[in-house]
Amino acid sequence: MSDAAEFSFYLAGAGSKKVEIWYTSGTNRAPDAPVVAFDAQGKNLGTVKVNMQAGGKAWTAVGTFAFTAGWNKIAVSRWTTGNYVVIADAIRVTGAGNGRRRRPRTATRPTTSCWR
């Protein structure tokens, strides 16, 4: 796939992960933007077409895929029908889970950081 925006993520072990995309919708956006999942060996796990003319400004489900250990990636292609644009602000990959949410962990000791 050429000219794609790629979002890579590392998994220590294989597992099913839910993939979501964040974009801004508009009438000039692609009605069929291809979002492709690849495992760490480069195998295409599936392509999902996202209608970027609707929804947007929220996490939109792409699908759940069985990724392998290592560096996996999600590619958002600009190759679509017509003269439309493809927008991909962010990709989120989470556990496929059973609907239960974990409570956030709290730090056991204070940490500090300084940015200049």
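Rule-based calculations on the coordinates, nothing more; no lab input. Computed from a prediction, not measured in an experiment: that's the story for all the values here. Here the Cβ positions follow ideal geometry from the backbone for every residue, glycine too, while neighbour counts run over all protein chains shown.
Things worth noting here:
- By the count of other C-beta atoms within 10 Å, a proxy for reagent exposure, Arg78, Arg29 are ordered fewest to most as Arg78, Arg29.
- Relative contact order computed over region 1-93 (Cα-Cα under 8 Å; 6+ residues apart), in percent: 45
- Working from label points 7 Å from Cα in the Cα-to-Cβ sense, the Lys49 to Trp71 distance is 3.2 nm.
- 10 Å binning of all Cα-Cα separations within region 4-95, expressed as whole percents from 0 upward: 18, 51, 25, 6, 0
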